[in-house]
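The values are calculated or read from the model by the stated rules, or taken from the named source; none is laboratory data. All values derive from a computational prediction rather than experimental measurement. Note that we place each Cβ from the backbone using ideal geometry, even for glycine, and neighbour counts take in every protein chain shown. What goes into the accessible areas is simple: the full protein's heavy atoms, side chains included, and nothing from ligands, DNA or RNA. Shrake-Rupley method; radii C 1.70, N 1.55, O 1.52, S 1.80 Å.
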4 protein chains.
Amino acid sequence: MSNASRRPGRHFLQIPGPTPVPDRVQRAMAQPILDHRGPEFQKLAERVLAKSQSIFKTKQPVIIFPSSGTGAWEAALTNTLSTGDTVLMVETGQFATLWKNMAVRLGLVPEFIASDWRSGADVNLIEQHLKADKKHAIKAVCIVHNETATGCRSHIDQVRQALDATGHPALLMVDTISSLGVMDLRHDDWGIDVTISGSQKGLMLPPGLSFTAISEKARAASKTAKLARAYWNWDDMLSNNASGFFPYTPATGLLYGLDVAIDMLHEEGLDNVFARHERLAEATRRAVAAWGLEVLCAKAADYSPAVTAVLMPDGHNADQFRKVALERFDMSLGTGLGKVAGKVFRIGHLGDTNELTIAGALAGVEMALGLAGVPHRKGGVDAAMAYFAQPGGGSAAQAA
Amino acid sequence: MSNASRRPGRHFLQIPGPTPVPDRVQRAMAQPILDHRGPEFQKLAERVLAKSQSIFKTKQPVIIFPSSGTGAWEAALTNTLSTGDTVLMVETGQFATLWKNMAVRLGLVPEFIASDWRSGADVNLIEQHLKADKKHAIKAVCIVHNETATGCRSHIDQVRQALDATGHPALLMVDTISSLGVMDLRHDDWGIDVTISGSQKGLMLPPGLSFTAISEKARAASKTAKLARAYWNWDDMLSNNASGFFPYTPATGLLYGLDVAIDMLHEEGLDNVFARHERLAEATRRAVAAWGLEVLCAKAADYSPAVTAVLMPDGHNADQFRKVALERFDMSLGTGLGKVAGKVFRIGHLGDTNELTIAGALAGVEMALGLAGVPHRKGGVDAAMAYFAQPGGGSAAQAA
Amino acid sequence: MSNASRRPGRHFLQIPGPTPVPDRVQRAMAQPILDHRGPEFQKLAERVLAKSQSIFKTKQPVIIFPSSGTGAWEAALTNTLSTGDTVLMVETGQFATLWKNMAVRLGLVPEFIASDWRSGADVNLIEQHLKADKKHAIKAVCIVHNETATGCRSHIDQVRQALDATGHPALLMVDTISSLGVMDLRHDDWGIDVTISGSQKGLMLPPGLSFTAISEKARAASKTAKLARAYWNWDDMLSNNASGFFPYTPATGLLYGLDVAIDMLHEEGLDNVFARHERLAEATRRAVAAWGLEVLCAKAADYSPAVTAVLMPDGHNADQFRKVALERFDMSLGTGLGKVAGKVFRIGHLGDTNELTIAGALAGVEMALGLAGVPHRKGGVDAAMAYFAQPGGGSAAQAA
Amino acid sequence: MSNASRRPGRHFLQIPGPTPVPDRVQRAMAQPILDHRGPEFQKLAERVLAKSQSIFKTKQPVIIFPSSGTGAWEAALTNTLSTGDTVLMVETGQFATLWKNMAVRLGLVPEFIASDWRSGADVNLIEQHLKADKKHAIKAVCIVHNETATGCRSHIDQVRQALDATGHPALLMVDTISSLGVMDLRHDDWGIDVTISGSQKGLMLPPGLSFTAISEKARAASKTAKLARAYWNWDDMLSNNASGFFPYTPATGLLYGLDVAIDMLHEEGLDNVFARHERLAEATRRAVAAWGLEVLCAKAADYSPAVTAVLMPDGHNADQFRKVALERFDMSLGTGLGKVAGKVFRIGHLGDTNELTIAGALAGVEMALGLAGVPHRKGGVDAAMAYFAQPGGGSAAQAA
């Protein structure tokens, strides 16, 4: 153990969010406080509200709450539903489970499609449930786009097709907290009614803002929805936002940062951003395979570009291993959550990061596996490097 | 009008919050993101939760939500009350009114004591209502400690006495959003059950955190309260906080800032902080009197140390005047809210500020009154200076 | 005396430089270190070198040393002169005296025109000296544009005329350390050969950079000048700068800040910047007059827009008074230097500042005069306000 | 080539300085400007001057100039020597050569011991020169502790022994610009007379400060030294520093940073800091060996813990390779300087860095070698990892 009170160099923050805040965003947030009822703030608010639409790929309004993403879950449910309403949810992992638990607390009746946490939402099962619901008791289908706990993505466009195929009128609600700014998300094209997100992952901001893109259909539903809502009331937000203001004090510092963070995503190019995440994820999985370890996500089509959950060999505790990585190499890896606690560790490769940082992180994992006595083969970093250094690979090439 | 796109020097932010963030707090917030499930964050969380108690003067838990203060209003009501419960509220101004409106939305039944917005809560009226409530239908008494919209304070210790005198078991809930860190507040001594606050006023942080100090009695009430709550659930917070964590991603950047902001309050000394605010407020009122204008707060005992609302002479619009101050002197003054819109402007003198800044601000008001053609006498700044420069006055003397 | 360890609010830094760094410049300087031999740095260097020319109003090269302004004095002398050369210098105050002392140390022979420190350089005397120098022994005329120690400006265009009128070939060297970005300065139009400046005054940066604009004639002189020079060698700088690099490691952080600081000056408009400084200076002098005190500068045409030095009444020590201002009001005033030590205090009104800040500072002076027992009349702030609030005055009007 | 205007993630700055500034130092530097003649600055100056001694391991004064390290070279020579004096210098590489060139410019007569740039100073040759100098014409021996251009260190304690063994009275001057805070340096114990350094390497600050530790003997020499000096005059510095001030405006922002940077070195522990650098250097050399490439430093005892220069295979240009690393992986490597231009690239592993960052950097080098078509073997990162992950290795173990 070290007796030194300082760790030199940069901490490697390889959790699946919050992600490292780029110094440019950090600097933007340090701008002086301004009057949130004055003309300068008004311009800022109008600008970031408009820019946010570009990230959700929507022409419809995006609401920004001063809250964690969890708050936007609550807003989605309370603004559109009434006590006793059925919602179809899929147990993709811990976060889907928490959202389901919230629905129960709010007086809703979730129909919860069970899963082994090793894939994204099963669209066939969703379609079966929708078909079976002849009376349209299901008022909303709620899907987590990228399950941060498992590293599995769900295919929202296919869920939309299932709704269309069955002619089911339920609202489609999607949690994109760890997918926005990481993989493609098309609020309008995919016919999503409520898209929920947060500031602290692909948007490269500190936690503290939640986002909600809302369809016309969702707004219509809010007119008759009976669940109580005050802080989360969309109407108050939308009516105030219309003139560049907020119904209560917004988190101005984070809005300054948002203004710049979205610029940065566009400067890189959204498609380049997505390709970069896919590349970092693929390199990570190749390293895992080289180590002879198994990725939690068992379905290749559902691999997450944001985070890779790695199964520990039997008899080895993931958190013991994570402790070695933290203490010896000053690297934070994601813990296993809920029913995979102790059984997986997660490597975050999302947000403002790049190949060499991931190479360094994978080196840390490879060395820590050895030091922690976890059975594995060498060669993980080599496999990642071989992939990164392909002539056609690399960020430069992708961006060409 | 200026055609220059830059205003030189410091903006004078004389609104009653958000207040200027000290650069030391700003720097603290710029620390790198850390793993909110790791040991370092745990230490930070335990530290700021403990420090927060010192500001509320309580030994009981303080909850920190990532939200505006409005969120803590909702948490206070939903955690302790059930649909149809009566709450006694006092119309001290716009914020009391908004809280009352929220109660209605949540299915509660406010008994709302009307007021002309020119004083704090009338304790006699409160006592009458409590006495009249033989059956103890009133489950909570909700008071705004400092009405940011009017510049009137309420006397919470007297409200406590009214509850005690009448033997009424209602919970006492107090909004200290613009009073915490500005004037004395004693959660435990005054027998408050729920004290609500926000980060962006006396705590000198950007907006984005709300605070709630909770008594044993309030926690007991939460066991039987029936209003739905998920994001705002105190129990989830308290059980997670017990080990230094949060049920969902906290606003880590603001917590870094909070850690330092509370240190700064203690370095100055809470009593010195309160005395400084009283002194800045008194100087401001002397300036207003010298100008021959009237302070909205009509009761000297209720004068706010945080903000002074000034009545415009008949026929003069406060927002027109504020526009002159902003455009000519780059100073933001507070607008009149709700039923005093256009009739008052507000001078904020709270947070990280001092005599010379207030002298500069009062000079700006005095000059803008002239330029805007508002009838007034000169001599406001002189009156403030005469007060500040009293041999026994000044921050040094106060702190001696 | 205060026992508190923290002073609330903003320190009033009313010294004649270093001046407060705008937070936007502060943020720019916080950008990550970059390779000072790489292409990105090259672009930055080329940009700031070009922008610097716009501030000196020159098409000729501007050299940036990592040094205080004193270093550029040395560079000016060593690059153009040889041991035993005569230089004509004018004792406008402490800084002119220090420059003269440096010349002596470097083996030069200053002809030093004495002065009572109450005006800028006397152009008639300069012309007499030039006329008398039939053999052109004088190789350079060295003038301090704005004497920071006295608050007197010299008229460089008139010095140029004196050189031209006498047909004297001496180089004209001007120290603009406290005038650049404060009052007009025209390196090319005024035929200056070496213009020297620093980062920490009108340029709104921290100290650490010096600037030198160089004429063709000065560069020619450097070919034959014999004084030893290595660090200060212009040729090394110019040849490296030609491709965007430096002969040794430049102060990259300050260059980042410079990039933005010059933008800010242009956004405000140089003429607006100059008018603002004149206005703040005039208001300050009106306050001094109202107090019944005397400005050190005895010649109205030479009043400095950057700093006003105020004479203390007999029997009163300026530094005692300054101590009161600092301890009671957290305001730093400039001390008297050299032969006016203890006899004057200086009010800086340069850099990133504005009317309300100066009003607050003048209030601080007025109150501190009273507390320190310095005989004076009230009404200084009133006089400043009366001036600032003239219908045609104010920054907005000036900028119109 | 990328058409994207933004590079995601952290730039890998692997040059041998300037090194990445830790965010904690960056934040310290962002403190507001203060009066450099006031009591608060005085305390800061006294503190950093005292702390600086702890880094040089000296009880003698340390001078801090606002300049690059090159300035301190000049100060060392001009304060202690007179025109025509002989100085013994060793051509360890480009920086030793530049210092020699400076000596020539200043009128000194260097005796320059030639070298092939592949080792540190040859102490036997130094001793021979000293012995041969019966008349003690040599007034100073000037050594570069760590040649940044070659990655070779010199052994200062042995040079001291050579001086002692020969009874030679010459001053010992050492350039520690890239060694201070990286490897052990003992100004007092090693009998160094002038130790020169800079802020931007092991001290983890931006460039802009130079440091000079001075022995009694060097101060005595300055009494009779005849070279002209003004800006660089030690006496002015020492007499002003005695009361916590400076003869001209110091670079206050960097002094704020220095205050914290030295704390950070002590928090880690100087011995831990040195061990960390040795470890990062050893891992780098193992990678180079695994690649089948050659390190420029040909003498193991002279390997630098700060930087490793790598020889390119014949026919391959180092700068072409560096361009690939920069464009494809956003990593800056050091260029070859002077007579090894194009023939070597340099990997900086000094300052605020750690194992995973170096692992990432080495991965970048390994991949770029392949992409640039430079003949090499794979396995460099593996070799580094094998070394880092030794049970007894790692920073934690070293610090135990």
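Here are a few things to note about the model shown:
- In loop segments of region C:241-334 as defined by DSSP, the trypsin sites (Lys or Arg not before Pro) with at most 13 further C-beta atoms inside 10 Å of their C-beta are C:Lys299.
- Among C:His266, C:Pro169, C:Gly120 the positive-end extreme of the charge dipole of chain C (Cβ point charges): C:Gly120
- Cβ-derived FRET efficiency at R0 41 Å, A:Ala50 paired with B:Val104, nearest 0.05: 0.80
- Using alpha-carbon coordinates, inclination of helix C:156-166 to the longest axis of chain C, degrees: 40 degrees
- Residues D:Asp85, B:Asp164 ordered from highest to lowest accessible area at a 1.4 Å probe: B:Asp164, D:Asp85.
- Each stretch of four or more DSSP H residues adds -39500 (n - 2.57); spread over every residue of chain A, this sum gives -13000 deg cm²/dmol at 222 nm.
- Lys, Arg +1 and Asp, Glu -1 on Cβ, resulting dipole of the protein assembly as shown about Cα centre, debye, nearest 20: 0 debye
- Size descriptor for region B:118-241, Kirkwood hydrodynamic radius: 15.5 Å (Cα pairs only, one decimal).
- Folded to 0 to 90 degrees: helix D:355-371 orientation relative to chain D principal axis, Cα: 60 degrees
- C:Asp164-A:Lys59 pseudo-label distance in nm [points 7 Å out on the Cα-to-Cβ vector]: 6.5 nm
- Sorted shortest first, the separations between the A:Leu125 label point and its copies elsewhere in the assembly read 5.8, 7.6, 9.5 nm; each point sits 7 Å from Cα along the Cα-to-Cβ line.
- The label-point distance for B:Ser5 and B:His136, in a model that sets each label 7 Å from Cα toward Cβ, rounds to 6.6 nm.
- Convex hull volume per residue for the protein assembly as shown, taking Cα atoms only, in Å³: 165 Å³
- The residues of the protein assembly as shown expose, per residue, 31 Å² of accessible area to a 1.4 Å probe.
- Against chain A, whose longest principal axis comes from its Cα atoms, helix A:123-132 is set at around 30 degrees.
- Whole-Å semi-axes of region A:1-110's equivalent ellipsoid (Cα gyration tensor): 33, 27, 13
- With the highest mean first, a sort of the peptides B:22-32, B:105-115 on other beta-carbon atoms found within 10 angstrom per residue produces B:22-32, B:105-115.
- For region B:202-245, the share of alpha carbon pairs falling in successive 10 Å distance bins from zero is 20, 49, 27, 4 percent.
- Percent of C-alpha pairs per 5 Å bin, region C:23-266, short to long: 1, 7, 15, 19, 20, 16, 11, 7, 3, 1, 0, 0
- Applying a threshold of 24 Å to the alpha-carbon distances of B:Lys134/B:Lys339; B:Lys100/B:Lys339; A:Lys139/A:Lys201; A:Lys100/A:Lys226; A:Lys100/B:Lys226; A:Lys134/A:Lys339 flags B:Lys134/B:Lys339; A:Lys139/A:Lys201; A:Lys134/A:Lys339 as lying beyond it.
- Rounded to the nearest 0.05, the FRET efficiency derived from the C-beta distance between A:Thr224 and A:Asp319 at R0 = 51 Å is 0.60.
- Between the beta carbons of B:Lys43 and D:Ala298, assuming R0 = 51 Å, the FRET efficiency works out to 0.55 to the nearest 0.05.
- The calculated Kirkwood hydrodynamic radius for region A:269-399 is 14.8 Å, given to one decimal from all distinct C-alpha pairs.
- Pseudo-label separations to other copies for A:Glu267 - Cα-to-Cβ vector, 7 Å, nm: 1.6, 3.0, 3.3
- Positive contributions from Lys and Arg (+1) and negative ones from Asp and Glu (-1), summed over other residues with Cβ under 15 Å from the Cβ of B:Trp232, come out at +2.
- Share, in percent, of DSSP beta bridges within the protein assembly as shown that are antiparallel, nearest 5: 50 percent
- Relative to the compact-globule estimate of 2.2 N^0.38 Å, the Cα radius of gyration of region C:206-312 comes out at 1.55.
- Interface burial for B against A (accessible surface, 1.4 Å probe, total of both chains, Å², rounded to 100): 3500 Å²
- Carbon + sulfur, % of accessible area of region A:2-78 - ligands and nucleic acids excluded, 1.4 Å: 51 percent
- Most to least accessible of A:Lys223, C:Lys57 (protein chains only, probe 1.4 Å): A:Lys223, C:Lys57
- Computed about its Cα centre, the charge dipole of region A:285-378 is approximately 220 debye, with only Lys, Arg, Asp and Glu carrying charge at their Cβ.
- Averaged over A:257-264, number of beta-carbon atoms from partner chains that fall within 10 Å: 1
- With the label put 7 angstrom out from Cα along the Cα-to-Cβ vector, C:Asp319 ends up 5.5, 5.6, 6.3 nm from the copy partners, going from closest to farthest.
- Rounded to the nearest 20 debye, the dipole size of chain A about its Cα centre is 540 debye, using +1 on the Cβ of Lys and Arg and -1 on the Cβ of Asp and Glu.
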